[in-house]
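Input: a single structure, listed below in structure tokens.
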Amino acid sequence: QVQLVESGGGLVQAGGSLRLSCAASGVTRSMDGMGWYRQAPGKQRELVAGISRAGSTKYADSVKGRFTISRVNAKNTVYLEMKTLQPDDTAVYYCYGGYESENYWGQGTQVTVSS
């Protein structure tokens, strides 16, 4: 059974940094596209950043220049380095990954940025 487990969320002051990690288990090869979505209270879930197995990346305009996504295929782990965090970044962050034509999601990790 494929599972994604996130870690690294928490409370940080505006201008601070956090690093999220997401490790996949139950797979026999590297996952396909992986990345992060987020959902703030009362808002729809939105894509934050994605990365292909080959390393191509994409970002939401709101995080470009502040967030960096990376992955280590041998560990089936994807990371999200978040810098210059702002209160608008407060949300539950969900990791996702594609595998064998299915999309899998983590349970979510809370990121709270205080002003």
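Values computed for the structure shown
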item	result
Condition met for residue 92 (in contact (Cβ under 8 Å) with a residue 40 or more places away in the chain, open to solvent by less than 40 Å² (accessible area, probe 1.4 Å) and either touching a helix residue (DSSP H, G or I) at 6+ places or on another chain (Cβ under 6 Å) or β-branched (Val, Ile, Thr) (or both))	yes
Which listed residue is more than 14 Å from residue 9 (Cα to Cα) and under 13 Å from the mean Cα position of the chain (by Cα), from 53, 66, 45, 38	45
Looking only at the stretch 95-114, and only at residues there that are surrounded by 19 or more Cβ atoms within 10 Å (Cβ to Cβ) and aromatic (Phe, Trp, Tyr), the one that is farthest from residue 54 (Cα to Cα)	104
Search result, residues across the stretch 66-107 that are in contact with a strand residue (DSSP E or B) (Cβ under 9 Å, 6 or more places away or on another chain) and among the acidic types (Asp, Glu)	81, 88, 89
Residue ID - nearest to residue 114 (Cα to Cα), chosen from residues in the stretch 50-82 that are open to solvent by less than 60 Å² (accessible area, probe 1.4 Å) and in contact (Cβ under 8 Å) with a residue 60 or more places away in the chain	82
Residue under evaluation residue 85, criteria (1) open to solvent by less than 40 Å² (accessible area, probe 1.4 Å); (2) part of a strand (DSSP E or B), criterion not met	(2)
Number of the condition not met by residue 47 [criteria: (1) part of a loop (DSSP other than H, G, I, E, B); (2) without any contact (Cβ under 8 Å) to a residue 24 or more places away in the chain]	(1)
Counted residues, the stretch 1-32 - those being under 16 Å from residue 74 (Cα atoms), surrounded by 12 or more Cβ atoms within 10 Å (Cβ to Cβ), out of contact with any Phe, Trp or Tyr (no Cβ under 8 Å at 6 or more places or on another chain) and not aliphatic (A, V, I, L, M)	1
Positions within the stretch 1-44 being among the charged types (D, E, K, R) and assigned to a loop (DSSP other than H, G, I, E, B), in sequence order	29, 32, 43
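The values are calculated or read from the model by the stated rules, or taken from the named source; none is laboratory data. Please read all numbers here as calculations on a predicted model, not as lab measurements. All Cβ positions, glycine included, derive from the backbone under ideal geometry; neighbour counts span all protein chains shown. When the accessible area is computed, the model is the full protein with side chains, heavy atoms only, and any ligands, DNA or RNA have been set aside. Shrake-Rupley method; radii C 1.70, N 1.55, O 1.52, S 1.80 Å.
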